Amino acid sequence: MKKISPARLSQLLFLLLFLVLFVQTEYRGSDQLAAAVNSFFRADPLVAVTVLLAEKTMVWLVLPGLLLLGLSLVLGRFFCGWVCPLGTILDLVTPRIRKRGALPLLKGNLKYWLLLPLLGAALFDVNLAGLLDPLALLVRGLTFFFYPLFGDSARQVWVGLYRLLGDNRDYLAPGYALLRDHLLPFRETFYPLALLSTLLLVLIIVLERYESRNWCRNLCPLGTLLGIAARFSPLVRRPAGLCADCGACRQLCPTTFDQELLQREECILCLECQRRCPAQRVTFGFGRRPAGEPVFLQRRVLLGGLVSGFFLARVFRFRSPAAQARLLRPPGVTDEQRFLQSCVRCGECMKVCLKSALYPAIFESGAEGLYTPHLIPRLGYCEYNCTLCGQVCPTGAIPALPVEEKRRQVIGKAVFDKNQCLPFAKKTNCIVCEEHCPIPQKAIRSRTVAETTDDGRSVRLQVPYVVTELCNGCGICENVCPLEGKAGIEVFAVNDRSPLPAGGEPPPGGGEEGDPYGGAG
């Protein structure tokens, strides 16, 4: 039996941990999550550096990422070879893919042209790291496509067995219940951008056809950042290059030895060259860096990358005013710019959203907001007592709030469309939105008025109205509106997202909404 290496054992354990946390980051009947996969993001140096650059202040949640970057200054790029779950997946699939030789297009400074603009944009307050961060790519692909597909497939198989086995299905029911309660997603939701997320993951795997760890050595911005840190590491390999009479390292190494000299910024410290050296010559230890190492980052690349980040930040900030009006962020987000600077775009808040209210933005917030979560009330609403999205956010972009405080957070404000709403447009009684409003004092109320219908009948009509001071914009009114298609009441974004006052009635004389549609009423 082939003996497993310590690095491979570590990889498999971290991959298992990642998958366990991913499955546990799900609503399982409890309002509190025992574990969340955000631990990996909090230890992500790329997330840590870009969040700090964008926010210009210390964010303690990403401290583990800074510590890992500091550890990489001592030990080198060990994260890629011992921890990274995406790297482990590539290592598992790459032996099964026949190689065709490196792509020249991916060589050279391309990886720096991906990393440096990200850092430059963050320096100018636009954080785009989540678009290319390997952990975010992996979690998004799993969340948006593979996990819902797995859940839907499992349920379809169970339904098929149910029809096939008849009463004998009861023998299998306990096993399916165990699977449903602990492994399957709470619900199957296929998201916008699921195809793009899947294609990016597939593309990363397809690149293995040209080189092992092609993504890691030539493109990954996190790996490139760790590679820069590794250049300062005192941990060195001896000999630094290939032995003249052997050269076996070239076949054993998954990343580095496409040249004669060890490329320290690409070495992932898997130690395969040491473990399988035919002459037992290779050792790793602390010492002086080998002389004659090539310059790994030219000045023009550094300056060009950072300047590119400046222009990237300007271009990505363009937003459509019309889309902004319906851009509803998760509860607790009061500052749109700070939210964009902190959001990792990992998709975890969407995965745990109890009522399927959160979906990835496409261009609703401009290119800068791609993949960031926003609430679509017609598809789902923010559950009054739920705090799950704040619990899983790795950077605090969505604050983790106690239930009482979260209930007071303003997402937007509801407004009746009097050209659509039944009591206004059809003079037909309907108070579904009022009945479902979760605010104890009722943010939607109605008053009884005498009306004359179009055919001349006199009717007593209950006319609903919104008490603006009590509305938190949860979206349930728009979600439950019985009209097909466009609802008779909609939630719009507001500039002032100050929390509602604790308890009590609206101030005297205040309350009823304005009429942005200008309809008859």
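The values are calculated or read from the model by the stated rules, or taken from the named source; none is laboratory data. Keep in mind that what you see is a predicted model, and the values were worked out from it rather than measured. No Cβ is skipped: glycine too gets one built from the backbone with ideal geometry, and neighbour counts run over all protein chains shown. For accessibility, only protein heavy atoms count, side chains too; no ligands or nucleic acids. Shrake-Rupley method; radii C 1.70, N 1.55, O 1.52, S 1.80 Å.
Of K56, K355, K406, K3, which has the most accessible area with a 1.4 Å probe, and how do the rest follow in descending order?
On the way: K56 115, K355 80, K406 15, K3 160 Å².
From most exposed to least exposed: K3, K56, K355, K406.
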Label-point separation in nm, H436 to R289, each point 7 Å along Cα→Cβ: 6.1 nm
For A450 and L178, extending 7 Å from Cα along the Cα-Cβ vector and measuring point to point gives, in nm, a value of 7.0 nm
State to the nearest 20 debye the size of the charge dipole of the chain about its Cα centre, where the only charges are +1 on K and R beta carbons and -1 on D and E beta carbons. 2280 debye
Quick one: grab Rg to one decimal and Dmax as a whole number for segment 344-481, Cα atoms only, in Å. 17.9, 60
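If R0 is 30 Å, what FRET efficiency do you get for Q251 and N109 from their C-beta distance, rounded to 0.05?
Working: r = 27 Å, r/R0 = 0.89.
For R0 = 30 Å, the calculated efficiency reads 0.70.
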Between Q298 and A322, what FRET efficiency follows from the Cβ-Cβ distance if R0 is 35 Å, with the result rounded to 0.05? 0.20
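What does the charge dipole of segment 1-125 about its Cα centre add up to, to the nearest 20 debye, if the Cβ of each Lys and Arg holds +1 and the Cβ of each Asp and Glu holds -1?
Working: 13 positive and 6 negative charges, 192 e Å.
Taking the Cα centre of segment 1-125 as origin, the dipole is about 920 debye.
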With all protein chains present, how much of the accessible area of the chain (probe radius 1.4 Å) comes from carbon and sulfur, to the nearest whole percent? 62 percent
Quick one: dipole size for segment 258-378, taken about the Cα centre, charges +1 on Lys/Arg Cβ and -1 on Asp/Glu Cβ, in debye to the nearest 20. 220 debye
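Using 0.36 nm times the number of residues separating R281 and V74, minus their current alpha carbon distance, what extension gain do you get? Numbers along the way, then the final one.
Numbers: separation 207, 0.36 × 207 = 74.52 nm, distance 2.30 nm.
The R281-V74 span can extend by a further 72.2 nm.
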Which parts of segment 298-323 would a label at A367 reach, counting a residue when its backbone N lies under 15 Å from a point 7 Å out along Cα-to-Cβ? 308-320
Cβ-based net charge around K406, under 12 Å, with every Lys or Arg adding one and every Asp or Glu removing one: -2
Which GluC sites (Glu not before Pro) in segment 426-506 sit in a loop by DSSP (not H, G, I, E or B) and have at most 13 other Cβ atoms within 10 Å of their own Cβ? E484
Residue among T334, A487, F424 farthest towards the positive dipole end of the chain, charges placed on Cβ: T334
Can you figure out the FRET efficiency of I97 with S498, using R₀ = 45 Å and their beta-carbon distance, to the nearest 0.05? 0.25
If unit charges are put on Cβ atoms (+1 for Lys and Arg, -1 for Asp and Glu) and the dipole of segment 10-87 is taken about its Cα centre, the option from M58, S10, V20 lying farthest towards the positive end turns out to be S10
Restricted to Cα positions, what overall size does segment 88-203 have along the principal axes? Three whole-Å values, descending. 64, 40, 21
Find how many whole Å separate the alpha carbon centroid of segment 436-483 from the alpha carbon centroid of segment 195-234. 54 Å
Which one, W113, L142, L92, projects farthest toward the positive side of the charge dipole computed for segment 75-150 from Cβ point charges (K/R +1, D/E -1)? L92
Using alpha-carbon positions, what is the distance between the centroids of segment 128-155 and segment 305-383, in Å? 17 Å
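By how many nm would the segment from A244 to Q156 lengthen if fully extended, with 0.36 nm per residue of separation less the alpha-carbon distance? Intermediate values should be presented prior to the final figure.
Working: separation 88, 0.36 × 88 = 31.68 nm, distance 5.93 nm.
Residue separation times 0.36 nm, minus the Cα-Cα distance, leaves 25.7 nm.
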Using 7 Å Cα-to-Cβ label points, what is the S308/K3 separation (nm, one decimal)? 4.5 nm
What is the ratio of the Cα radius of gyration of segment 1-118 to 2.2 N^0.38 Å, with N the residue count, to two decimals? 1.30
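What is segment 123-171 by shape, rounded, prolate or oblate, if you read a ≥ b ≥ c off the alpha carbon gyration tensor as root eigenvalues and call it rounded for a/c under 1.5, prolate for a/b larger than b/c, and oblate otherwise? The partial results should precede the final answer.
Values: a/c = 6.71, a/b = 6.27, b/c = 1.07.
It comes out prolate by the Cα gyration axes.
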For q values of 0.11 Å⁻¹, compute log₁₀ I(q)/I(0) with the Debye formula on a Cα-only model of the chain, without solvent. -1.00
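Sorting R457, R98, R209, R237 by accessible area (1.4 Å probe), largest first, what list results?
Heavy-atom accessible area, descending, gives R98, R457, R209, R237.
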By accessible area of protein heavy atoms, probe 1.4 Å, what ranking do F424, F492 get, highest first? F492, F424
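Solvent-accessible area per residue for the chain at a 1.4 Å probe radius, Å²? Could you put the intermediate results ahead of the total?
Values: 23920 Å² over 521 residues.
Normalised by residue count, the accessible surface of the chain is 46 Å².
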For segment 132-147, just list the computed ³J(HN,Hα) in residue order, Karplus coefficients 6.51, -1.76 and 1.60, θ = phi - 60°, integers in Hz, with x standing in for Gly and Pro. 10, 5, x, 5, 5, 4, 5, 5, 5, x, 5, 5, 7, 9, 5, 5
May I ask you to compute the full-extension gain from L164 to V206, defined as 0.36 nm times their residue separation minus their alpha-carbon distance, rounded to one decimal in nm? 11.2 nm
